[in-house]
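Let me begin by presenting the structure, written as structure tokens, before commenting on it.
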Amino acid sequence: LETIVKSGRVDGELTVRLLDNSDTEIASTVLSNDALPDAVQGSQNLVLTLGSDIGTSKALLSRREKAGQETIHGQIEDATSMPERWLAYDGVSLVLMPASEAGLVPSMSDEQISALAQWVRMGGRLLLSSGASSQEMIGNDGRLAQFAPGEFDRVMMQRQSNGLESFAGATRRSLSSYVADGELSFRFPMVSLKDVKGNVLVSEGIGGERSPMIIRSSFGLGHVIFVATDIDQPPMSLWVDGRQSILDKLLDEALGETRREENDSQFANLTQIGFNDLTGQLRAAMDQFPGVRLVPFSWIAILVGLYIILIGPVDYFMLRRLQSRFSLTWITFP
């Protein structure tokens, strides 16, 4: 018999009672704090990697944490260890899933995928990468198609990496310098999506043939950051310093700790400082209307001044020219 419990105090005890149908106690036991697994505290972020390691632990070590906050990392390599109920993810801040053929996805049950999807829909955060095996993973009948920020088009061999290299910043070696064995030139698998919905953080390609590489999209009350190539496979896995730099930025983006530019959102500072709860962030997001421009206060002041002149001196001199019939102001004033 398995059940999900959420403890209160970190140093508290857990009392387990077995009751029959009439609520009569059959047996009971008290588990001390030493007998329980280490708890995830409210000041800690738990980042969970499903499948092969993509350098998350190393990236987390280099992160600058807020005062009193700590980020810890866990990894699940066996699909049988994954939960089948979304409540089991309640203490998790972010899930990373490299959806390559070497990962967990082919072995995951429908219940496990549904549990993950429900958790993200309830406000969870997922970082998903998919490249060479994207047709099986996020295609029309793909097991992870619901997480994709667009409709699967095809898997192409990308020969440009300027977008990723620019996003990673200065590195000791460029991604394009890694040429796979048997290849004459640099290239890597990249999935092409149609009707992309979300914020494109990185695009790759040349001119009009550029395709979204990293997209952040909404999924219910949560969000998904989708990387259109395999982070855990060559050449990305060989590009150690560059991949770590990308992971650093994606972790900050996923955990909601990036400092957005002022022109990105008029509520940028408000959502980072004033609204740490989900309700407040949702209300702030609902107050943003795409395509609506705010009227500058200077225009408001000028129009108010013109209005005062119009209903005052202009109205007076106009009525004075009409042989001082000031009673007409009941018509001209409105």
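Being in a helix (DSSP H, G or I), open to solvent by less than 80 Å² (accessible area, probe 1.4 Å) and among the hydroxyl-bearing types (Ser, Thr, Tyr) is the filter here; which residues of the stretch 296-327 pass it?
Ser298
Here's a check for you: in the stretch 147-173, which residue that is without any contact (Cβ under 8 Å) to a residue 60 or more places away in the chain and assigned to a helix (DSSP H, G or I) is surrounded by the most Cβ atoms within 10 Å (Cβ to Cβ)? Step through it out loud before you land on a result.
Here is the first cut: in the stretch 147-173, the residues without any contact (Cβ under 8 Å) to a residue 60 or more places away in the chain are 151-157, 159-163, 166, 170.
Retained after the next criterion (residues that are assigned to a helix (DSSP H, G or I)): 162-163, 166.
Details: Asn162: 16, Gly163: 20, Ser166: 9.
Residue satisfying both the conditions and the ranking: Gly163.
Here are Glu253, Glu257: which of them is modelled with pLDDT of 70 or more and either surrounded by 15 or more Cβ atoms within 10 Å (Cβ to Cβ) or closer than 22 Å to Phe219 by Cβ (or both)?
Result of the check over Glu253, Glu257: Glu253.
Could you list, in sequence order, all residues of the stretch 137-146 that are open to solvent by less than 40 Å² (accessible area, probe 1.4 Å) and not in a loop (DSSP other than H, G, I, E, B)?
Met137, Ile138, Ala145
Quick test of your reading of the structure: Ser217 fulfils all but one of (1) open to solvent by less than 50 Å² (accessible area, probe 1.4 Å); (2) out of contact with any His (no Cβ under 8 Å at 6 or more places or on another chain). Name the failing condition by number.
Every listed condition holds for Ser217 apart from (2).
Is it the case, given these coordinates, that Glu84 is at pLDDT below 85 and either small (Gly, Ala, Ser) or at negative phi (or both)?
For Glu84, the condition - at pLDDT below 85 and either small (Gly, Ala, Ser) or at negative phi (or both) - is not met.
Got a sec? Which strands (runs of 3 or more DSSP E) wholly within the stretch 1-104 have at least 2 residues that are over 30 Å from Pro234 (Cβ atoms), in contact with a strand residue (DSSP E or B) (Cβ under 8 Å, 6 or more places away or on another chain) and open to solvent by less than 80 Å² (accessible area, probe 1.4 Å)?
14-19, 25-31
Residue by residue, here is whether (1) of a type in the set (Ser, Thr, Tyr); (2) modelled with pLDDT of 75 or more; (3) under 30 Å from Ile72 (Cα atoms) holds:
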position	(1), (2), (3)
Val5	no, yes, yes
Ser22	yes, yes, no
Ile26	no, yes, no
Thr29	yes, yes, no
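Residue by residue through the stretch 109-136, note down the ones that are part of a loop (DSSP other than H, G, I, E, B) and surrounded by fewer than 22 Cβ atoms within 10 Å (Cβ to Cβ).
Ser109, Met122, Gly123, Ala132 - these are the residues of the stretch 109-136 that are part of a loop (DSSP other than H, G, I, E, B) and surrounded by fewer than 22 Cβ atoms within 10 Å (Cβ to Cβ).
The values are calculated or read from the model by the stated rules, or taken from the named source; none is laboratory data. Bear in mind that the values here come from a model prediction, so they are computed numbers and not experimental data. Quick reminder, even Gly has a Cβ in these numbers, built from the backbone with ideal geometry, and neighbours come from all protein chains shown. Remember, those area values only see protein heavy atoms, side chains included, never the ligands or the DNA or RNA. Shrake-Rupley method; radii C 1.70, N 1.55, O 1.52, S 1.80 Å.
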